[in-house]
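The values are calculated or read from the model by the stated rules, or taken from the named source; none is laboratory data. Remember, predicted model here, so these are calculated numbers, not experimental data. Because the Cβ atoms are built from the backbone with ideal geometry, glycine has one as well, and the counts that use them run over all protein chains shown.
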Amino acid sequence: MKLLGYKIDRSYPDFPIKNKKIINTLNPHSYCVAKKDPSFRCALQASDLLIPDGTGIVLAAQFLRGKKIDRIAGADMHLHLLRQAQKYGLKVFYMGSSWETLSKIETRIQEEYPAICYKGYSPPYKAAFSKKDNSKMQEAINTFQPEILFVGMTAPKQEKWVHKNKEYLNVQVICSIGAVFDFYAGTAKRAPAWMQNTGLEWLHRSIVSPTRLGKRNMRSNPEFVWDVIKAKVKEI
(Lines give C-alpha, C1' and ligand atoms only; values in the text may rest on other atoms or scores of the structure.)
Protein backbone atom coordinates (compact mmCIF):
# COMPACT_ATOMS: atom_id res chain seq x y z
CA MET A 1 0.00 0.00 0.00
CA LYS A 2 1.41 3.37 -1.05
CA LEU A 3 1.12 6.01 1.65
CA LEU A 4 2.68 9.49 1.62
CA GLY A 5 5.40 8.35 -0.76
CA TYR A 6 6.17 5.07 1.02
CA LYS A 7 5.16 1.50 0.31
CA ILE A 8 3.81 0.09 3.57
CA ASP A 9 3.99 -3.68 3.97
CA ARG A 10 2.41 -5.64 6.80
CA SER A 11 3.78 -9.09 6.00
CA TYR A 12 5.95 -11.17 8.31
CA PRO A 13 8.83 -12.96 6.52
CA ASP A 14 9.00 -16.71 6.99
CA PHE A 15 12.01 -18.91 6.44
CA PRO A 16 13.53 -20.16 4.26
CA ILE A 17 14.23 -16.78 2.63
CA LYS A 18 15.08 -16.76 -1.08
CA ASN A 19 16.36 -13.18 -1.36
CA LYS A 20 17.89 -10.84 1.20
CA LYS A 21 15.22 -8.74 2.92
CA ILE A 22 15.71 -5.35 4.55
CA ILE A 23 13.05 -4.57 7.16
CA ASN A 24 12.51 -1.04 8.46
CA THR A 25 9.77 0.70 10.40
CA LEU A 26 7.82 3.89 9.72
CA ASN A 27 6.15 6.14 12.27
CA PRO A 28 5.14 9.82 12.17
CA HIS A 29 8.47 10.99 13.57
CA SER A 30 10.61 9.01 11.12
CA TYR A 31 8.40 10.29 8.31
CA CYS A 32 9.07 13.88 9.37
CA VAL A 33 12.81 13.30 9.75
CA ALA A 34 12.97 11.67 6.31
CA LYS A 35 11.43 14.78 4.74
CA LYS A 36 14.56 16.71 5.69
CA ASP A 37 17.08 13.87 5.35
CA PRO A 38 17.35 12.53 1.76
CA SER A 39 19.66 9.67 2.78
CA PHE A 40 17.18 8.48 5.40
CA ARG A 41 14.28 8.81 2.98
CA CYS A 42 16.17 6.78 0.38
CA ALA A 43 16.91 4.06 2.94
CA LEU A 44 13.24 3.80 3.94
CA GLN A 45 12.00 3.77 0.35
CA ALA A 46 14.50 1.02 -0.52
CA SER A 47 13.15 -1.27 2.23
CA ASP A 48 11.85 -4.66 1.18
CA LEU A 49 9.41 -4.48 4.09
CA LEU A 50 8.44 -1.13 5.62
CA ILE A 51 6.14 -1.88 8.53
CA PRO A 52 3.68 0.56 10.17
CA ASP A 53 5.25 1.04 13.60
CA GLY A 54 3.09 3.94 14.72
CA THR A 55 -0.57 4.63 15.41
CA GLY A 56 -0.35 7.68 13.18
CA ILE A 57 0.54 5.54 10.17
CA VAL A 58 -2.39 3.21 10.88
CA LEU A 59 -4.83 6.13 11.17
CA ALA A 60 -3.41 7.80 8.06
CA ALA A 61 -3.95 4.60 6.06
CA GLN A 62 -7.61 4.56 7.05
CA PHE A 63 -8.09 8.27 6.44
CA LEU A 64 -6.29 8.41 3.08
CA ARG A 65 -6.88 4.94 1.65
CA GLY A 66 -9.94 3.73 3.54
CA LYS A 67 -7.95 0.69 4.65
CA LYS A 68 -7.99 -0.62 8.18
CA ILE A 69 -4.60 -2.06 9.02
CA ASP A 70 -3.01 -3.21 12.24
CA ARG A 71 0.17 -1.74 13.61
CA ILE A 72 3.31 -3.87 13.62
CA ALA A 73 5.80 -2.60 16.17
CA GLY A 74 9.49 -3.27 15.77
CA ALA A 75 9.21 -5.37 18.94
CA ASP A 76 6.56 -7.54 17.26
CA MET A 77 8.76 -8.16 14.22
CA HIS A 78 11.69 -8.93 16.53
CA LEU A 79 9.73 -11.64 18.35
CA HIS A 80 8.44 -13.10 15.08
CA LEU A 81 11.98 -13.44 13.75
CA LEU A 82 13.20 -14.97 17.01
CA ARG A 83 10.44 -17.59 16.78
CA GLN A 84 11.52 -18.33 13.22
CA ALA A 85 15.13 -18.63 14.36
CA GLN A 86 14.09 -21.01 17.15
CA LYS A 87 12.02 -23.12 14.75
CA TYR A 88 14.82 -23.52 12.21
CA GLY A 89 17.85 -23.34 14.53
CA LEU A 90 19.19 -20.14 12.99
CA LYS A 91 21.99 -17.75 13.92
CA VAL A 92 21.09 -14.22 15.00
CA PHE A 93 23.43 -11.26 15.31
CA TYR A 94 22.75 -8.06 17.26
CA MET A 95 24.63 -4.98 16.07
CA GLY A 96 24.41 -1.97 18.38
CA SER A 97 23.94 -0.86 21.98
CA SER A 98 26.38 -1.51 24.84
CA TRP A 99 28.13 -4.75 25.71
CA GLU A 100 26.14 -4.85 28.92
CA THR A 101 22.83 -4.71 27.04
CA LEU A 102 24.03 -7.30 24.53
CA SER A 103 24.99 -9.62 27.37
CA LYS A 104 21.51 -9.36 28.85
CA ILE A 105 19.98 -10.08 25.46
CA GLU A 106 22.16 -13.18 25.15
CA THR A 107 21.09 -14.43 28.57
CA ARG A 108 17.40 -14.04 27.75
CA ILE A 109 17.74 -15.69 24.35
CA GLN A 110 19.52 -18.67 25.89
CA GLU A 111 16.62 -19.08 28.33
CA GLU A 112 13.73 -18.51 25.92
CA TYR A 113 15.12 -19.72 22.58
CA PRO A 114 17.76 -22.40 23.26
CA ALA A 115 17.94 -23.46 19.59
CA ILE A 116 19.22 -20.03 18.55
CA CYS A 117 22.93 -19.36 18.11
CA TYR A 118 23.61 -15.79 19.26
CA LYS A 119 26.35 -13.20 18.85
CA GLY A 120 26.47 -9.43 19.37
CA TYR A 121 28.77 -6.50 18.65
CA SER A 122 28.87 -3.07 20.25
CA PRO A 123 30.12 -0.49 17.72
CA PRO A 124 31.85 2.70 18.85
CA TYR A 125 29.58 5.50 20.04
CA LYS A 126 30.05 8.22 17.45
CA ALA A 127 27.91 10.21 15.05
CA ALA A 128 29.51 8.66 11.96
CA PHE A 129 31.55 5.52 11.50
CA SER A 130 34.93 5.52 9.81
CA LYS A 131 35.84 3.13 7.00
CA LYS A 132 37.78 1.09 9.56
CA ASP A 133 34.75 0.96 11.87
CA ASN A 134 32.54 -0.29 9.06
CA SER A 135 35.08 -2.93 8.06
CA LYS A 136 35.21 -4.28 11.61
CA MET A 137 31.42 -4.35 11.86
CA GLN A 138 31.07 -6.12 8.52
CA GLU A 139 33.78 -8.62 9.46
CA ALA A 140 32.16 -9.41 12.82
CA ILE A 141 28.84 -10.14 11.11
CA ASN A 142 30.17 -12.10 8.14
CA THR A 143 32.54 -14.21 10.24
CA PHE A 144 29.59 -15.39 12.33
CA GLN A 145 27.43 -15.95 9.21
CA PRO A 146 24.01 -15.22 10.76
CA GLU A 147 20.74 -15.66 8.95
CA ILE A 148 19.20 -12.72 10.85
CA LEU A 149 20.83 -9.40 11.70
CA PHE A 150 19.18 -7.00 14.14
CA VAL A 151 20.49 -3.43 14.08
CA GLY A 152 19.86 -1.13 17.03
CA MET A 153 21.67 2.20 16.70
CA THR A 154 18.62 4.54 16.77
CA ALA A 155 16.98 6.08 13.73
CA PRO A 156 18.00 7.40 11.27
CA LYS A 157 21.56 6.22 11.90
CA GLN A 158 20.71 2.51 11.81
CA GLU A 159 18.66 2.60 8.60
CA LYS A 160 21.28 4.67 6.79
CA TRP A 161 24.04 2.32 7.96
CA VAL A 162 22.15 -0.72 6.70
CA HIS A 163 21.40 0.93 3.36
CA LYS A 164 25.08 1.81 2.91
CA ASN A 165 26.48 -1.55 4.00
CA LYS A 166 23.82 -4.11 3.03
CA GLU A 167 25.61 -5.32 -0.10
CA TYR A 168 28.64 -6.27 2.02
CA LEU A 169 26.65 -8.29 4.57
CA ASN A 170 26.09 -12.02 4.03
CA VAL A 171 22.77 -12.37 5.82
CA GLN A 172 19.22 -13.23 4.80
CA VAL A 173 17.27 -10.69 6.88
CA ILE A 174 18.36 -7.31 8.24
CA CYS A 175 15.94 -5.65 10.64
CA SER A 176 16.47 -2.19 12.18
CA ILE A 177 14.68 -2.09 15.53
CA GLY A 178 16.33 0.63 17.64
CA ALA A 179 14.93 0.73 21.17
CA VAL A 180 13.85 -2.92 21.03
CA PHE A 181 17.36 -3.89 22.14
CA ASP A 182 16.73 -2.17 25.49
CA PHE A 183 13.17 -3.46 25.77
CA TYR A 184 14.25 -7.05 25.27
CA ALA A 185 17.29 -6.70 27.53
CA GLY A 186 15.13 -5.19 30.27
CA THR A 187 17.19 -2.00 30.48
CA ALA A 188 14.11 0.01 29.42
CA LYS A 189 10.42 -0.73 29.93
CA ARG A 190 7.98 -0.94 27.05
CA ALA A 191 4.50 0.52 27.51
CA PRO A 192 1.89 -1.64 29.28
CA ALA A 193 -0.05 -3.98 27.00
CA TRP A 194 -3.23 -1.88 27.25
CA MET A 195 -1.37 1.17 25.95
CA GLN A 196 0.16 -0.86 23.12
CA ASN A 197 -3.25 -2.22 22.14
CA THR A 198 -4.97 1.18 22.24
CA GLY A 199 -2.32 2.96 20.20
CA LEU A 200 -0.89 4.95 23.11
CA GLU A 201 2.62 3.55 23.22
CA TRP A 202 3.94 6.84 21.84
CA LEU A 203 2.37 8.63 24.84
CA HIS A 204 4.03 6.26 27.29
CA ARG A 205 7.43 6.84 25.71
CA SER A 206 6.84 10.61 25.77
CA ILE A 207 6.04 10.49 29.49
CA VAL A 208 9.02 8.26 30.30
CA SER A 209 11.40 10.48 28.29
CA PRO A 210 9.80 13.96 28.17
CA THR A 211 12.98 15.82 27.30
CA ARG A 212 13.91 13.74 24.28
CA LEU A 213 10.87 11.78 23.06
CA GLY A 214 8.20 14.07 24.48
CA LYS A 215 9.52 17.16 22.71
CA ARG A 216 10.16 15.13 19.59
CA ASN A 217 6.57 13.92 19.40
CA MET A 218 5.19 17.38 20.13
CA ARG A 219 6.94 18.60 16.99
CA SER A 220 6.49 15.61 14.70
CA ASN A 221 2.89 14.62 15.39
CA PRO A 222 1.29 17.96 14.36
CA GLU A 223 3.52 18.13 11.29
CA PHE A 224 2.52 14.61 10.28
CA VAL A 225 -1.19 15.31 10.79
CA TRP A 226 -0.94 18.45 8.67
CA ASP A 227 0.75 16.53 5.83
CA VAL A 228 -1.96 13.86 5.97
CA ILE A 229 -4.67 16.54 5.75
CA LYS A 230 -2.91 18.19 2.80
CA ALA A 231 -2.59 14.85 1.04
CA LYS A 232 -6.32 14.23 1.50
CA VAL A 233 -7.25 17.66 0.13
CA LYS A 234 -5.17 17.01 -3.00
CA GLU A 235 -7.17 13.84 -3.62
CA ILE A 236 -10.53 15.60 -3.43
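What residue, among those in region 24-50 that are in contact with a Gly (Cβ under 6 Å, 6 or more places away or on another chain) and under 18 Å from D227 (Cα atoms), is surrounded by the most Cβ atoms within 10 Å (Cβ to Cβ)? This residue is N27.
Right, P28: in contact (Cβ under 8 Å) with a residue 40 or more places away in the chain, in contact with a strand residue (DSSP E or B) (Cβ under 8 Å, 6 or more places away or on another chain) and of a type outside the set (D, E, K, R) or not? Judged against the criteria, P28 is not a match. Just one of the listed residues (I105, I141) is out of contact with any helix residue (DSSP H, G or I) (no Cβ under 8 Å at 6 or more places or on another chain) and of a type outside the set (D, E), namely I141.
For K67, the requirement of being of a type in the set (D, E, K, R), in a helix (DSSP H, G or I) and touching a residue at least 40 places away in the same chain (Cβ under 8 Å) is not met. Which one is farthest from W226 (Cα to Cα) among residues in region 1-23 that are of a type outside the set (V, I, T) and not in a loop (DSSP other than H, G, I, E, B)? The residue in question is K21.
Go through (1) in contact with a Lys or Arg (Cβ under 8 Å, 6 or more places away or on another chain); (2) assigned to a helix (DSSP H, G or I); (3) buried (at least 21 other Cβ atoms within 10 Å of the Cβ) for I72 and report which single condition fails. Of (1) in contact with a Lys or Arg (Cβ under 8 Å, 6 or more places away or on another chain); (2) assigned to a helix (DSSP H, G or I); (3) buried (at least 21 other Cβ atoms within 10 Å of the Cβ), only one is false for I72: (2). If I filter region 155-212 down to residues being in contact with a Gly (Cβ under 8 Å, 6 or more places away or on another chain) and more than 29 Å from Q110 (Cα to Cα), which single residue comes out as modelled with the lowest pLDDT? Ranking the candidates gives W202 first. Just one of (1) surrounded by fewer than 15 Cβ atoms within 10 Å (Cβ to Cβ); (2) under 15 Å from the mean Cα position of the chain (by Cα) trips up D53, so point out which. For D53, the failing item is (1).
Within region 92-119, the set of residues being touching a Gly at 6+ places or on another chain (Cβ under 6 Å) and within 16 Å of G178 (Cβ to Cβ) comprises Y94, G96, S97, L102.
Consider region 218-234 and keep the residues that are of a type outside the set (D, E, K, R) and surrounded by 14 or more Cβ atoms within 10 Å (Cβ to Cβ). The one that is farthest from the chain's Cα centre (by Cα) is A231. Does region 29-50 contain any residue that is farther than 28 Å from R83 by Cα, part of a loop (DSSP other than H, G, I, E, B) and not acidic (D, E)? No, that holds for no residue.
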